[in-house]
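In what follows, a structure is listed as structure tokens, so that the remarks can point back to it.
Please treat every number below as a calculation from the coordinates, not as lab data. Remember, it's a predicted structure, so these values are computed and weren't measured experimentally. As a convention, Cβ positions derive from the backbone with ideal geometry for all residues, glycine included, and neighbour counts pool all protein chains shown.
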Amino acid sequence: MGNFVLDRLAARAPVMKTVSLPRGRARLHAMPTTTGYEVRKDERYSWDGRRRGQKAFTVLQHTVAGAGNLRFERQTLRLMPGDTLLLTVPHDHRYWVEDGGRWEFFWISMTGQEALRIHRNIQAALGPVLRLRPATIERLADCCLRLIEGDAETPGRASAVAYEAVMALYDEAFGSTDGVTAQRGAIRPVIEHIHANLRDRLAVAELASLSGLSRAYFSRQFAASAGMPPAEFVLRERMRRAAQLLIGGEIASIKEVAVSAGFEDANYFSKVFRRVYGASPSQYREQKGIA
């Protein structure tokens, strides 16, 4: 299927659909509220999960291009292409795009006790930022496109599409029909090791030995589980760590930030950082008002 559906959805951008239908006597377990595809380029795009009312709903938002930011409880994360945001409201979080940035994404927001229950379980297991398989992203894009194009003319049909999106995430997180659960059982300790040892050398052969798998098989399983090869994942997490350290202001020296993120050469670190974030570490810190 490739990215055919996602390409069709992107061709409709910018587009937003509000799903407003009469309520029946029985409460439905999942109901979409808004969906769409947008490109945001300034700081006016900012959502605080504590200031969106008291009615509970969920936000499922997939980054197609550019980058966004998420403050989730006490963590600050960078949302890169391929990252899928999963949040519930009300909750202590904020997501935004900085001034001069660019964040391209599609989303589906929904209400309903079952949608909230399953999304909370997924978030508890995997966190607020997911790396989904391409087939799952296509399924979610298809749900978004069908809602935009009118496949929500009745409450039942709208609920069916929302529930399909919920179940796509459920299969990704907990399904075992294609070995996803087994893969993650072997890969999760490796990911935890990466996060705990980002300042150290993390060779793929070493990571494979931690999983108990051969290097070739480990690389395939890691890519299937995390959505990217091990070396790329390590680089992305190092960049996230560096950005967090720069914003936090606890480390003054760019060289110290580089070492803490696993780079022995500060000049090389700066080149990689610029490639990822579009600014040097010093410029990035100044943009955030830390310098």
If each DSSP helix of 4+ residues adds -39,500 (n - 2.57) and the sum is divided by the residues in the chain, what number results at 222 nm, nearest 500 deg cm²/dmol? -15000 deg cm²/dmol
Quick one: how many lysine pairs does the chain have with C-alpha atoms less than 20 Å apart and a gap of 8 or more or different chains? Give me the count, please. 5
Where is the GNM fluctuation largest for the chain (alpha-carbon springs, 10 angstrom cutoff): THR76, THR154, THR111? THR154
Most exposed to least, judged by fewest other Cβ atoms within 10 Å, MET110, MET16, MET239, MET228 sort to MET16, MET228, MET239, MET110
How big is the convex hull of the Cα atoms of region 176-291, per residue, in Å³? 107 Å³
Relative exposure of PHE218, PHE4, judged by other C-beta atoms within 10 Å (fewest first): PHE4, PHE218
Normalised by the residues of the chain, what does the relative contact order come to in percent, with Cα pairs under 8 Å and at least six apart? 16 percent
